[in-house]
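Colleague: One structure, as structure tokens, below. Some questions next.
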Amino acid sequence: MKKVLIILFLFMVTGCAAKYEVVQKLRVNMYHLVNTRTHEVEIILTSEELEEGQILKKNKIKIIAEIEK
């Protein structure tokens with residue numbers, strides 16, 4: 001029983017992170033992202049090369065800065 005609860009807890013913690021879709025590349029290392037659930041817009045600077053249409057978790061991206069709206 002404990003193993004089942006631990007597995008469910010780990011799944012909920014890792015599976016519930018917000019996912020973002022890369023909408024477009026604005027400038028060098030600057031990307032327009034949209035949250036797939038809430039449709040919130042984010043503009044970030046990153047050292048990574050991202051592709052349009054790519055869906056990823058925000059905590060997996062090496063973010064240099066977030067642009068305020």
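Colleague: Hey, got the dipole for the chain? About the Cα centre, +1 on K and R Cβ, -1 on D and E Cβ, debye to the nearest 20?
Modeller: 440
Colleague: Another question, then. Between the helical axis of 2-15 and the dominant principal axis of the chain, each derived from Cα atoms, what acute angle in degrees is found, rounded to the nearest 10?
Modeller: For 2-15 against the chain, the angle is about 10 degrees.
Colleague: OK, next. First select every other residue whose beta carbon is under 15 angstrom from the beta carbon of residue 37; then total the charges, Lys and Arg +1, Asp and Glu -1.
Modeller: Within the 15 Å Cβ shell, the charges total 0.
No value in this document is a laboratory result; all are computed from the given coordinates. Given the structure is predicted, the values throughout are model-derived calculations rather than measurements. Note: ideal-geometry Cβ built from the backbone for every residue, glycine included; neighbour counts use all protein chains shown.
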